[in-house]
1. Among the aspartates and glutamates, select those whose C-alpha is under 16 Å from the C-alpha of K30, and discard any that sit fewer than 8 residues away in the same chain.
2. Multiply the residue separation of H10 and D22 by 0.36 nm, subtract the distance between their alpha-carbon atoms, and state the gained length in nm to one decimal.
3. Y61 versus R89, label points 7 Å from Cα toward the beta carbon: distance in nm?
4. Could you bin all the Cα-Cα distances of the chain into 10 Å bins starting at 0 and give me the percent of pairs in each, rounded to whole numbers?
5. Do any trypsin sites (Lys or Arg not before Pro) in the chain lie in a DSSP loop with no more than 14 other beta carbon atoms within 10 Å, and if so, which?
6. Compute the helix-to-body angle for 46-63: its Cα long axis versus the longest principal axis of the chain, expressed 0 to 90° and rounded to tens.
7. For the chain, give the magnitude of the charge dipole about the Cα centre (Cβ charges: +1 Lys/Arg, -1 Asp/Glu; no others), in debye to the nearest 20.
8. For Cα pairs less than 8 Å apart in space and 6+ apart in sequence, what is the mean separation divided by the residue count of the chain, i.e. the relative contact order in percent?
Amino acid sequence: MPIEKNVRYHGSEIDIVGLEKDCLVFIEVKTRRSHRYGWPERAVDSRKQAHMVQVAQFYCYEMQWSAPTRFDVVALSLSRHILSIYHIRDAFYPNLN
């Protein structure tokens, strides 16, 4: 269940913050109209992941959240008028130390 959209911190952003049971989920949504530049999920590289972690840490601090968290990616591809949706749960595991 989405809680917030477009959460920003110091120029970085997380597209969706949601809640699934007792887990706070940070979700990046990537869309591609063609595969010319690769699959959308591949755009969530280590740099983007680091930005997401920074925003998530700020968000958890502000909300005083200490329960589990998770990072997901939702990849949307539109090819020949066919939409494909690929949800990657636990897309990466950040080092939060």
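Nothing in this text is a laboratory measurement; each read-out follows from the coordinates by a stated rule. These numbers come from a predicted model, not from an experiment. Glycine gets a Cβ as well: all are built from the backbone with ideal geometry, and neighbour counts include every protein chain shown.
1. E13, D15, E41, D45, D72, D90
2. Working: separation 12, 0.36 × 12 = 4.32 nm, distance 2.71 nm.
Gain on extension, H10 to D22, equals 1.6 nm.
3. Reported label-point gap for Y61 and R89 is 3.0 nm.
4. Bins of 10 Å from zero give 15, 48, 28, 8, 1 percent of pairs.
5. Numbers: sites: K5, R8, K21, K30, R32, R33, R36, R42, R47, K48, R70, R80, R89; in loops: K21, R33, R36, R80, R89.
For trypsin sites (Lys or Arg not before Pro) across the chain that sit outside H, G, I, E and B with at most 14 neighbouring Cβ atoms in 10 Å, the list reads K21, R33, R36, R80, R89.
6. It works out to around 40 degrees.
7. Details: 13 positive and 11 negative charges, 116 e Å.
With Lys and Arg at +1 and Asp and Glu at -1, about 560 debye.
8. Numbers: 169 pairs, mean separation 26.3, N = 97.
It rounds to 27 percent for the chain.
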